[in-house]
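A short worksheet on the structure shown next.
The values are calculated or read from the model by the stated rules, or taken from the named source; none is laboratory data. Remember, predicted model here, so these are calculated numbers, not experimental data. Because the Cβ atoms are built from the backbone with ideal geometry, glycine has one as well, and the counts that use them run over all protein chains shown. These accessible areas exclude ligands, DNA and RNA; they are computed on the full protein's heavy atoms, side chains included. Shrake-Rupley method; radii C 1.70, N 1.55, O 1.52, S 1.80 Å.
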Amino acid sequence: MVTNKKEITIIPECPITATLSVIGGRWKTLILFQLASKTRRFGEIGVRIPTISKKVLTEQLKELEKDGLISRQKFKETPPRVEYSLTEMGKSLSPIFDEMAVWGFKNILKK
């Protein structure tokens with residue numbers, strides 16, 4: 001077994017474990033889902049996920065950027081403006097999130 005920096009044990013050759021090592025956790029999937037529809041600023045993401053703290057949102061955005069799922073564009077303006085968007089790799093997760101939303105609605109929320 002291989003352990004990455006996040007202390008998640010990755011089972012060799014297991015694609016689900018590999019995927020969860022990048023998008024797993026409480027917030028990353030929600031952040032990616034919010035960015036699937038359009039580019040957003042930090043505050044816009046935070047408003048759409050009201051229970052996430054600014055500190056945690058910052059950490060999660062940095063990890064998603066490091067993992068190649070989102071891009072961060074900083075504009076040289078006053079006040080500074082930063083926008084986040086999905087990379088092509090991040091966009092490839094959109095159909096999965098759409099299916100998760102459908103499943104959650106049908107199996108959890110409709111009960």
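Would you pull out the residues with amide H under 5 Å of Ile70's amide H, same chain only if 5 or more places away, H placed 1.01 Å from N?
Glu65, Thr87
Using a 1.4 Å probe and counting only protein heavy atoms, arrange Thr51, Thr87 so the residue with the most accessible area comes first. Write out the running numbers ahead of the final one.
Details: Thr51 105, Thr87 35 Å².
Accessible-area ranking of Thr51, Thr87, largest first: Thr51, Thr87.
For region 50-106, what does the relative contact order come out to in percent, with C-alpha contacts under 8 Å and a separation of six or more?
It rounds to 23 percent for region 50-106.
For the chain, what relative contact order do you get, as a whole percent, if you take Cα pairs closer than 8 Å and at least 6 residues apart?
21 percent
Please sort 73-85, 16-28 by packing, taking for each peptide the average over its residues of neighbouring beta carbons within 10 angstrom, highest first.
Final packing ranking: 16-28, 73-85.
From Cα coordinates alone, what are the radius of gyration and Dmax values for the chain in angstrom?
Rg, Dmax (Cα atoms, Å): 15.3, 49.
Quick one: Karplus J couplings for region 23-37, per residue in order, coefficients 6.51, -1.76, 1.60, θ = phi - 60°, nearest Hz, x for Gly and Pro?
10, x, x, 6, 10, 4, 5, 5, 5, 4, 4, 5, 7, 5, 7
Based solely on its DSSP helices, what 222 nm [θ] is calculated for the chain when runs of n ≥ 4 H residues each add -39,500 (n - 2.57) and the sum is averaged over all residues, nearest 500 deg cm²/dmol? All intermediate terms of the calculation are to be shown ahead of the outcome.
On the way: 6 runs with 54 residues, N = 111.
Using -39500 (n - 2.57) per qualifying helix, the result is -13500 deg cm²/dmol.
Please work out how much length the chain gains when fully extended from Glu44 to Ser85, using 0.36 nm per residue of separation minus the C-alpha to C-alpha distance, in nm with one decimal.
So the chain would gain 13.6 nm between Glu44 and Ser85.
Compute the distance in nm between two label points, each set 7 Å from the Cα along the Cα-to-Cβ direction, one at Thr78 and one at Thr29.
The answer from the label model is 4.5 nm.
Specify the angular offset, from 0 to 90 degrees and rounded to the nearest 10, of the alpha carbon long axis of helix 54-66 from the longest principal axis of the alpha carbons in the chain.
It works out to around 70 degrees.
Regarding region 29-79, what whole-number volume in Å³ per residue does the convex hull of its Cα atoms give? Numbers along the way, then the final one.
Working: hull volume 4.5 nm³, N = 51.
Looking at region 29-79, the number lands at 88 Å³ per residue.
Once you place label points 7 Å from the Cα toward the Cβ at Cys14 and Glu65, how far apart are they in nm?
Between Cys14 and Glu65, the simple spin-label model gives 3.1 nm.
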